[in-house]
Structures are given as structure tokens and as C-alpha cells.
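The values are calculated or read from the model by the stated rules, or taken from the named source; none is laboratory data. Because the structure is a prediction, the values reported are computed rather than measured. With ideal geometry, Cβ positions are generated from the backbone for all residues, glycine too; neighbour counts draw on all protein chains shown. Remember, those area values only see protein heavy atoms, side chains included, never the ligands or the DNA or RNA. Shrake-Rupley method; radii C 1.70, N 1.55, O 1.52, S 1.80 Å.
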Amino acid sequence: MRNVRFNKKAMVIYLIFTFGLAYIIQICAASLYEKNRVIGQLVTAAMMFVPALGAVLSGAKLKEMGWKPQIRKNIKIILIAWFGSMILTVVGAVLYFLIFPKHIDLSGEYFVAAGGAEALEQMKAQGISYSVYLLITLVSSISYAPLLNMFVALGEEIGWRGFMYPQLKARFGRRKGWILGGVIWGAWHWPLIWLIGYEYGAAAGNPIGYAGFPITGMLLFCVITVGLGILHDWLYEKSESIWVPALFHGAFNAAATLPLAVCQTNTGSVRLLGPAPNGILSGLPILAVAAILLINADKSRGKLQ
């Protein structure tokens, strides 16, 4: 991996800009969610490019981030990035539904919560049952969706894995850098979790809410992003290509909502457990793999800096 020296000034500029602009966007997006959820989601998606802008303003050397995918060399890593998130998501969802089998719902309850009853009726009017919709979504999530999502996720990966994580590892070492980076990444999403229940509350079709709202959701999300951040950065280290963690990020976003699509929406505080991979229970596969990588972090230290 490239040699990186910690630059305190650059990091301060990066964090102030990235958090400042993202928080403003999230506050605006939260107000738009009440009027038009689709527009709110588009504004939230646009926020994913803020870390890249922050990296540029901080003087990051974009050319050194690894723009060649090196497919032949990285084929195994690319396959892990493409399908690994789906495997971890499915394993976590299976674990959740084994414990909460009564939460399985194939009626389209989540689809109605997300898009309204009219959307489900229109889909059925076209001759598409909810089961067929789920199959189509599953196929897309493991075929082309990771690639499409990769280009949007690249905005975050340039900032997080391309700039911030190398800076943190240069200053605090690999393990502490990974943990701190994950906490920062999670905290970056806090306004949406606070204002609209992003990931665990109303935005996830869970109108009942959960215990300790929104603080418990904010803290739990940081735990999950620590795990996810380790996986993303490990893929980046192994491939030396910024496209690989972006692919993994895109694949994760494609897979993450699938378990919710087959689950009841009114699960209350149980939503903190799953079935999406950001829950305590359903996120165990991700956290387990991340823990293994964290424990063995020092074994390949010589390749990092």
C-alpha cells in the first residue's frame, strides 16, 4: 500500500467540510422526506459525493488512490467484494428469522410502507406478484446492481478509504485507525437517524420505533460501520484499487434491504436486532469477520505504510 504521512491540517479541513456539508444536506433531506420521500432519497444519495469533495479540498492525492482495477491480479478480491456482502447479509437474515420466524412476511407490507399501497397495486396490475418482485430484486442485487451502485459509492470511498483511513492508520496504527474510522463514518449519518429514524425507525418501515430512540440507533450504527469499515479497508489494502471497496459498498447497499422486504414492519425495538445487516443479530456475520481481521491486523502491517 502507498506510503502515507499523517497531515493534521488536512484531516481537520476534511472533517469540518465533510461533516458540515453532509449535516446540512441531511437536515434538508429530512424535511423533504415528509413531503416527498423519493426526492428526499435522491438528496441523501447525492450526499455520498461529499467525502470525495472533502478529500479534494484537503489536498488528497487522488492519483495515488489506485484507479486501475487490475482485474487479472484482483479477480479473487473482486469476487469477494461482489458477492461477499450478499453472503453475509443472507447468513445474518437467516440467523434472525430462525429466532423470529413469525416476522417473515411475503405480503408486501414493507413495499407498502416504503412506496405506498398504490405502488403495490400498480405492480400487481402489471401481472407481477410480490414473490416475483422479490426474485427480480434478488437477481439484480447479485448481478448488475453492485456495478451501478459502485459509481455512487465511489464518492464515499474516495473520502473514507482513499483519504481518511490511511491518515488515521498513519497516526494511530492499523487497529485504532480502523475503529476510529468506523465511528466517524457512522457518526456522519447521525442527523438522518435522529430526525427520521434512518436505518432503524420510520425510514425502515418501523413506525413503532425502538427503545432509546434515537440514541441507541446512532450508537448501534457506529458499531456496524466499524465492522463494515474494516471489511472495506481490508479489500482496499488487498487490491490497491479504490474501485474494489466501492464495488463492495455498492453490493452491500443492493443487498441490505432484501431482508427487510420479507419481514414485518412493526417489529418495534426488535428492529435493532435485524433482519437487515445493520442489526445486532443479523450483523453478527459482518462483525465476526471484521473481528478476525482486527485481531490479525498486525500480521500484515509491513504492507500498509
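Average accessible surface for the chain: 47 Å² per residue, computed with a 1.4 Å probe over protein heavy atoms with every protein chain in place. Placing +1 on the Cβ of every Lys and Arg and -1 on the Cβ of every Asp and Glu, with no other charges, gives the chain a dipole of roughly 1540 debye about its Cα centre. LEU32 contributes about 60 Å² of solvent-accessible surface, heavy atoms of the protein only, 1.4 Å probe.
Look at the dipole of the chain built from charges on Cβ: of VAL50, ILE75, ILE24, the Cα furthest out on the positive end belongs to ILE75.
Spatial offset of segment 160-235 relative to segment 55-69 amounts to 23 Å, using the alpha carbon center of each. Helices in the chain that qualify as membrane-span-like (whole DSSP H runs, Cα extent of at least 15 Å along the helix axis, mean Kyte-Doolittle hydropathy of 1.0 or higher) are 8-35, 71-99, 130-142, 145-159, 215-239, 284-295.
Protein-only accessible surface at a 1.4 angstrom probe places the residues TYR165, TYR144, TYR23 in the order TYR144, TYR23, TYR165, largest first.
Evaluated with a Cβ-only charge set (Lys, Arg +1; Asp, Glu -1), segment 234-305 carries a dipole of roughly 80 debye about its Cα centre, given to the nearest 20.
Express the carbon and sulfur contribution to the solvent-accessible surface of segment 18-153 as a percent, rounded to the nearest whole number, probe 1.4 angstrom. Write down the numbers at each step before the final one.
Details: 5810 of 8100 Å².
Roughly 72 percent, rounded to a whole number.
ASP233 exposes around 0 Å² of accessible area when a 1.4 Å probe is run over every protein chain in place.
So which of LYS76/LYS124; LYS35/LYS68; LYS35/LYS61; LYS9/LYS63; LYS8/LYS68; LYS8/LYS35 end up more than 32 Å apart, counting from Cα to Cα?
Values: LYS76/LYS124 40 Å; LYS35/LYS68 42 Å; LYS35/LYS61 40 Å; LYS9/LYS63 20 Å; LYS8/LYS68 28 Å; LYS8/LYS35 41 Å.
From LYS76/LYS124; LYS35/LYS68; LYS35/LYS61; LYS9/LYS63; LYS8/LYS68; LYS8/LYS35, over 32 Å: LYS76/LYS124; LYS35/LYS68; LYS35/LYS61; LYS8/LYS35.
Heavy-atom accessible area for VAL139, with the other protein chains in place and a 1.4 Å probe, reaches approximately 80 Å².
Counting only DSSP H runs of at least 4 residues, each contributing -39500 (n - 2.57), and dividing by the residue count of the chain, the helix-based mean residue ellipticity at 222 nm comes to -21500 deg cm²/dmol. For segment 1-76, applying the loop criterion from DSSP together with a ceiling of 15 other beta carbons within 10 Å to the trypsin sites (Lys or Arg not before Pro) yields ARG2, ARG5, LYS61.
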